[in-house]
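Quick notes on the structure that follows.
Just so it is clear, none of the values below were taken in a lab; they were calculated from the coordinates. On a predicted model such as this, the values are computed, not experimentally measured, just so you know. So basically every Cβ, Gly included, is an ideal-geometry build from the backbone, and we count neighbours across all protein chains shown.
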Amino acid sequence: MSTQEGALITYSSLLNRQVTNEAASERLGRVTQVWLNYQDHQVIGFTCRLGVLDNDPCTFPWDQIATLEAQRILVKTIPTPYQNVTTNLELERQIVVDTHITHEVWTSTGNFVGKISDCRIYPYSGMVMDYILTVRSLRRLTAQRFYLPPTSILSVGRGWMTVIDDFMQEIEPVSSELTLANFPTAELA
């Protein structure tokens, strides 16, 4: 799938964002989970809840987003019941989807590198541009962050990733943070 131009968003900036029905302007809740397909490196949907005691969370596939704004997401259609969508996504696509982004990163020779702390996403397609890898010093006093491209990843499981041994030659350090103040409205329709 090709990606379109636009400002990148981060996984962490999607969490707790307000979700609103575009047609009825009805507030549907806040994003509590973002569903990632690590095999294709793509966001496939998200779950939102109206409140802590909400027993009926709603799940939306990524293609139901009409507009991504700095503080809210406008969706085109009615939500799907939570349990059915996640089960269907896994069965239909024969993939394992995950809502966690804190995967441990290991080299193919078995050396621990660090942990994934976030990822940058193209808003139009939901494709992951790169993951943000946090590497701690030996004494854990300092931490450096790097952009880890999906091309450096060999395999992914629940809670871990394996990267090629010489991945450090392909990655660059994180120099500046993406701020929500600079986040433009993105029309996805």
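Treat the count of other C-beta atoms within 10 Å as a stand-in for reagent exposure and order F112, F60, F146 from fewest to most.
Listing F112, F60, F146 from fewest to most nearby Cβ atoms yields F112, F146, F60.
From the P(r) of segment 104-181, could you give the percentage of C-alpha pairs in the tail past 21 Å?
Values: 804 of 3003 pairs.
Summing the P(r) tail past 21 Å for segment 104-181 gives 27 percent.
At a 10 Å Cβ-Cβ cut-off, how would you order K76, K115, fewest neighbours first? Mind dumping the intermediate values first?
Working: K76 15, K115 19.
Ranked by crowding around the Cβ, least crowded first: K76, K115.
Quick one: Y131, Y122, fewest Cβ neighbours within 10 Å first, how do they rank? Walk me through the numbers before you get to the answer.
On the way: Y131 26, Y122 21.
Result, fewest neighbours first: Y122, Y131.
Only residues of segment 139-172 count here: report those whose backbone N is under 14 Å from the spot 7 Å along Cα→Cβ of F112, or say none.
139-141, 160-161
As an exercise, use a Förster radius of 25 Å and the Cβ-Cβ distance of E170 and L138 to find the FRET efficiency, rounded to the nearest 0.05.
It comes to 0.65.
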